Amino acid sequence: MVNRVVLVGNLGGDPEVRTFGDQQKVTRLSIATHELVTKRSGEKERHTEWHQVVAWSALGERAAKHLRKGKTVLVEGRLQTRVWADARGHKHITAEVRADRIVFLGRDRVGPNETAGDVERQSVSEARQS
C-alpha cells in the first residue's frame, strides 16, 4: 500500500509555528493548487484547491524561517486524517499532508547563503525532471 502526496502550489499565508508542552514544534502551511477547467460553454475557469500541510520539528522550523506567503513550493509527504473536537464539543475531521520534504521553487533568495537545509531551493524545471 502507498500513501504518498506530491503538491506544487503557492503558500496562502506565512507559515504558522506552534510549540507544544514538551517543546516539540509543528509548522502549518496552507497551499493553493490551481487547474484550468473548461465549462460546458467552452469558457475556461480557474479552479483553486486548498491543502493543509504540517511539517514537524526541524523541517517545519526551516520552512517557517525561509518561506512566505505567495512563494511556490513542492511538498512531498503522506495524507493523514485527524479527528478533533472544538470548544463546544463538536467533532471535526481534518485531512492534511504531513510533509517529509519541502522544496522552494522560486527564483528569489531563500536565505543569506541561498540554502535552507531540508527546505531546498530548486527551479521549476529541475523539479519537473526529478
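Taken together, the values in this text are just the output of simple stated rules run on the coordinates, not laboratory data. This structure is a prediction, so every number in the text was calculated from the model and none was measured. Please note: Cβ atoms are built from the backbone with ideal geometry, for glycine as well, and neighbour counts cover all protein chains shown.
Things to note:
- For the stretch 8-43, GluC sites (Glu not before Pro) are listed when DSSP marks them as loop and at most 12 other Cβ atoms sit within 10 Å of their Cβ; the list is Glu43.
- Taking 7 Å steps out from each Cα toward its Cβ at Arg68 and His47 produces label points 3.3 nm apart.
- Sparse packing (at most 11 other Cβ atoms within 10 Å of the Cβ) combined with a DSSP loop state is found for the following trypsin sites (Lys or Arg not before Pro) in the stretch 59-88: Lys69, Arg88.
- HN-Hα J in Hz across the stretch 33-47 - Karplus 6.51, -1.76, 1.60, θ = phi - 60°, x for Gly and Pro: 10, 10, 8, 8, 10, 8, 6, 4, 6, x, 6, 8, 10, 8, 10
- Cα-projected label distance for Thr81 with Ser57, points at 7 Å along beta-carbon direction, nm: 2.7 nm
- Cα-based shape type of the stretch 1-113, given that a ≥ b ≥ c are square roots of the gyration tensor eigenvalues and the cut on a/c is 1.5: oblate
- Sparse-neighbourhood loop sites, chymotrypsin sites (Phe, Trp or Tyr not before Pro) in the stretch 1-101 - DSSP loop, at most 16 other Cβ within 10 angstrom: Phe20
- For Lys65, the lysines whose Cα comes closer than 19 Å to its Cα, not counting residues fewer than 8 places off in the same chain, are Lys25.
- With the cut-off at under 12 Å, measuring from each backbone N in the stretch 17-39 to a point 7 Å along the Cα-to-Cβ line of Val8 picks out 34.
- Radius of gyration (Cα atoms) of the stretch 46-105, expressed as a multiple of 2.2 N^0.38 Å: 1.32.
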